[in-house]
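Asker: I'd like to ask you about the structure that follows.
The values are calculated or read from the model by the stated rules, or taken from the named source; none is laboratory data. Everything numeric here is computed off the predicted structure, so don't read it as measured data. Cβ coordinates were reconstructed from backbone atoms using ideal geometry, including for glycine residues, and neighbour counts include every protein chain displayed.
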Amino acid sequence: MRKLVILFVPLFICNWLFAQDSLTVSLSSKAFKTGDSLEIFCQLPAAQMNKLKAATLHVWIDDLKSKKRWKFRYPFVNGAVNAALLVSDAVPTGNYAINFLVQSGFYRIYGNIPDLGKRDSVINYIMQTGNKRSLVDKIVVNRNGDFVMKPMLFQDTARFIFSPAVKTRENYLEVSLRTPIDSVFEPIFTATRFIRVGDIPAAVYSADTYQFSVDDPDESQLLPDVTVFAKVKTKSQQYEEEYTSAFFKNGDAKTFDGIESDELAKAPSLGWFLQQKVPGITVETDSADNEVFKWRGEISNIFIDEQLMMPGEHQMIMPREIALIKVFSPPFNYSMTTGFAGAIAIYTKRGRFADMNMPRYSFRLRGYTPFDAVWK
């Protein structure tokens with residue numbers, strides 16, 4: 001699991017320092033260009049630092065013209081947040097409002113297993129983070145089927161897969177999750193500042209010209225009448241466009257569709273399916289009793305949603321959960337030490353491609369923004 005790297009540095013030189021609603025907010029400038037770093041410093045009032053043992057800063061940036069909103073969030077460390085956003089060329093020239101909202105508490109996950117007939121007092125979970133590492137742990141479930149996971153500090157997104165503590169042929173768990181930090185909340189402290197991006201005159205604002213709302217702005221806009229002729233893409237092609245990165249868009253990969261075809265969903269196991277479809281792939285068990293795939297005798301790398309798995313972790317994914325499989329023949333140069341025996345990239349059903357009738361025990365959750373992120 002990737003840890004947040006926190007650098008304690010002296011407060012940068014800034015053009016001004018504000019205090020509003022007892023919340024101290026400082027920005028590195030009022031005007032930015034592409035490639036500049038928007039540096040943010042936010043500090044809780046001294047009287048609140050001991051009361052708020054844990055707090056989260058939400059930074060919501062509104063484009064005053066298009067009403068588009070960008071959202072970032074950071075954990076307070078010793079009562080302060082010191083972060084930077086690189087202004088990318090995807091940010092339009094214009095005037096922006098930066099809203100700072102303080103919420104009590106760190107990221108925490110609450111869950112429930114509603115199926116009273118198949119409740120477990122202890123369940124397993126795997127947390128897969130963007131740095132290709134995984135955390136495996138257990139959770140105690142009370143007699144009402146509820147559980148609470150310990151507070152977590154992780155960046156970007158992570159995938160959580162829940163499974164019974166006792167190995168079964170099929171993952172029967174039906175899990176519902178709640179993350180209060182993603183819910184509507186009443187901010188403890190708020191502040192708003194205005195900046196501009198690009199070579200434009202500074203606009204004049206007052207408290208009456210901009211009204212902040214916790215509801216996301218309406219981004220829907222009517223377009224002129226246009227007639228578009230296009231070739232209709234299959235659902236698997238649409239999925240690949242949305243969820244496959246350039247590194248995995250290899251034209252030499254052998255692809256299997258799990259969205260429009262039910263052949264994969266009906267397979268007794270992923271290993272059985274691949275052995276039938278890909279000559280050279282065999283399924284074996286290693287010394288730790290983990291299932292591994294081998295390509296002509298060498299262990300192949302397994303990726304789930306483009307995250308490298310440890311041996312056996314793919315067994316928590318059922319065939320009916322899979323939207324797409326891409327099999328890369330050797331060599332697959334993922335790193336200097338991997339990929340010589342090829343790779344198997346498994347993509348799970350999500351978003352508009354998710355199967356609403358399928359028990360939910362796999363979730364992708366958004367964590368904290370890196371302290372050196374990109375605004376795009």
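Asker: Take the residues in the range 150-189 that are in contact with a Gly (Cβ under 9 Å, 6 or more places away or on another chain) and small (G, A, S); name whichever of them is nearest to E313 (Cα to Cα).
Answerer: Within the range 150-189, the match that is nearest to E313 (Cα to Cα) is A158.
Asker: List every residue pair whose Cβ atoms lie under 6 Å apart, where the two residues are 6 or more positions apart in sequence or sit on different chains, the first residue falls within the range 173-185 and is within 12 Å of G111 (Cβ to Cβ), and the second residue, located anywhere, is assigned to a strand (DSSP E or B).
Answerer: L173/F162; V175/G111; V175/F162; S176/N112; L177/G111; L177/F363; R178/Y110
Asker: Out of everything in the range 13-43 that is part of a loop (DSSP other than H, G, I, E, B) and at pLDDT below 90, what residue ends up being surrounded by the fewest Cβ atoms within 10 Å (Cβ to Cβ)?
Answerer: Once the filter is applied, the top-ranked residue is I13.
Asker: If you don't mind, there's one more thing I want to ask. Which pairs do you get when a residue that is over 17 Å from V374 (Cβ atoms), found in the range 63-92, comes within reach of a residue that is acidic (D, E), reach meaning Cβ atoms under 6 angstrom, with the pair 6+ apart or on two chains?
Answerer: From the range 63-92, no pairs qualify.
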